[in-house]
Amino acid sequence: MLDMRGKACLTMLGDSPLVAETPAHLLDDEVTPTARMFIRNNGRTPRIAGEADRWRLRIDGEVEQPLETMIGELKRSHDQVTLRLVLECGGNGRSFFTPKAKGNPWTVGGVSCAEWTGVRLADVLAATRLKPSAIYTGHYGADPTLDDRTDVPSLSRGMRIDKALEPHTLIAFKLNGEDIPVVHGGPVRLVVPGWPGSLSAKWLTRIWIRDREHDGPGMGGFSYRLPRTPIAPGSEGDAADMAIIESMPVRSILTFPADDAVLPAGTRRIEVRGHAWAGDNQVTSVDVSIDRGAHWSRAALHAPVNRYAWQHFVAEVDFATAGHHEVWCRATDSGGNSQPVVATNWNPQGYGANPVHRLRLFVAR
Ligand SMILES: Nc1nc2c(c(=O)[nH]1)N[C@H]1C(S)=C(S)[C@@H](COP(=O)(O)O)O[C@H]1N2
Ligand SMILES: [Mo]
């Protein structure tokens with residue numbers, strides 16, 4: 001278990017780099033408390049010194065007006081916005097693949113929906129005057145690699161320029177109303193909702209505007225990519241037939257009751273609840289099943305508070321007997337996608353697994 005000041009008891013998936021996921025029942029809040037947010041590092045957490053407002057950021061490459069600025073200056077020159085945004089690791093759900101795929105064995109807790117405050121990346125890019133050749137971004141953070149190098153990035157991903165120009169893509173400096181803690185990328189990070197969390201560079205120092213797809217660590221080979229043509233589970237795959245993941249797949253999780261909860265004798269009807277989200281899409285319905293998918297019934301689903309916030313759902317379920325039960329949930333999105341019962345499109349590094357979430361419950365007899 002993670003033992004870190006200011007953090008809840010997250011499930012450790014690795015300590016070098018530090019990776020920890022949130023048990024589903026700790027994600028019950030509508031806005032994820034900072035203490036309960038998952039952590040995903042690729043290198044080491046940097047030591048941060050000095051005043052946050054003096055943190056330096058450079059934007060260069062395919063721009064008419066390269067920018068070398070301090071965060072205090074960005075705060076003064078641009079509108080500040082506060083949004084609830086889903087941040088989800090590209091590998092969330094990986095452990096549901098058979099056979100196992102390479103990488104951290106996330107179950108469903110590589111996700112958060114917190115309140116981020118920052119300036120729109122689009123506004124800052126407008127000030128740099130993008131050249132027509134500006135088609136992609138490349139992100140750099142101040143974290144040393146695992147072997148403590150600072151001359152090479154531990155991760156450097158990027159996105160198509162139109163995602164960078166969306167009004168929900170932020171250069172953020174506050175998380176749930178407070179300065180962003182260092183472990184979550186403070187003092188300054190990107191938040192790119194709906195797409196793999198790896199785009200949301202922590203400890204942001206530089207955005208390189210590119211005239212081609214970015215090629216930093218985490219962009220090539222099988223990283224953050226899915227097979228265009230499905231491959232046999234467990235096979236090697238073809239690096240030339242992989243497409244970069246953009247919008248994350250539709251997913252729902254049950255956050256109450258907790259998995260493995262024991263309910264008092266005589267319990268027959270309970271309320272279950274959770275959240276659903278769908279990358280760039282909106283969730284249009286959530287269904288629950290108590291007979292392992294033979295029958296489904298519709299949950300009550302709330303609209304998102306803003307685009308890219310997750311959506312809450314509640315449902316009542318009836319158990320005919322005492323004993324062992326499962327409750328499953330399945331979301332469907334505005335693109336007509338819904339969660340499979342078993343993870344599909346197996347790939348060597350295990351992205352995109354979004355099977356229905358299953359809760360085990362026991363009604364005492
Ligand atoms: N500089 C830097 N930014 C980074 C990473 C990293 O290793 N270094 N990890 C990325 C990944 S893979 C994810 S999923 C998110 C996790 O953000 P969190 O740790 O604040 O939850 O940060 C992203 N930003
Ligand atoms: Mo990630």
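General remarks:
- Of interest is the spacing of the C-alpha centroids, which for region 262-289 and region 17-67 amounts to 30 Å.
- Burial ranking of peptide ranges 329-342, 294-307 (average Cβ count within 10 Å, highest at the top): 329-342, 294-307
- Across all Cα atoms of region 226-310, the radius of gyration (one decimal) and Dmax (whole number) stand at 18.0, 57 Å.
- Calculated FRET value between residue 229 and residue 47, using beta carbons and R₀ = 45 Å, to 0.05: 0.50
- Taking every Cα-Cα distance in region 15-100 and sorting them into 5 Å bins from zero, the calculated P(r) comes out as 3, 9, 12, 14, 17, 18, 13, 8, 5, 2, 0 percent.
- Contact order for region 41-199, expressed relative to its length and based on alpha carbon pairs under 8 Å spaced 6+ residues apart, stands at 27 percent.
- The value of relative contact order for the chain, using C-alpha pairs under 8 Å at least six residues apart, is 18 percent.
- Taking a sphere under 11 Å around the Cβ of residue 105 and counting the other residues whose Cβ falls inside, with K and R at +1 and D and E at -1, yields a net charge of +2.
- Note on exposure: 70, 248 ranked by accessible area (1.4 Å probe, complete protein assembly) read 70, 248, with the most exposed listed first.
- Given a 1.4 Å probe and the protein chains as shown, residue 96 ends up with an accessible area of around 80 Å².
- Surface composition of the chain: carbon and sulfur atoms hold 49% of the protein heavy-atom accessible area at a 1.4 Å probe.
- Net charge of Cβ neighbours under 15 Å - reference residue 260; Lys, Arg +1; Asp, Glu -1: 0
- Modelled spin-label separation between residue 68 and residue 30, with each label point placed 7 Å from Cα along the Cα-to-Cβ direction: 4.6 nm.
- Mean separation of Cα contacts under 8 Å, 6 or more apart, over the residue count of region 300-341: relative contact order %: 22
- 23 Å Cα-Cα reach of residue 75 towards lysines, excluding residues that sit fewer than 8 places from it in its own chain: 163, 174, 202
- Each other residue within a Cβ distance under 12 Å of residue 23 adds +1 if Lys or Arg and -1 if Asp or Glu, for a net charge of -3.
- Residue with peak Gaussian network fluctuation, the chain [Cα springs, cutoff 10 Å], from 348, 264, 99: 264
- The alpha carbons of the chain give a radius of gyration and a Dmax of 20.9, 72 Å, in that order.
The values are calculated or read from the model by the stated rules, or taken from the named source; none is laboratory data. Here the structure is a predicted model, which means the values were calculated and not measured. Note that each Cβ is placed from the backbone with ideal geometry, even for glycine, and that neighbours are counted across all protein chains shown. Ligands, DNA and RNA are excluded from the accessible area calculation, which covers all protein heavy atoms including side chains. Shrake-Rupley method; radii C 1.70, N 1.55, O 1.52, S 1.80 Å.
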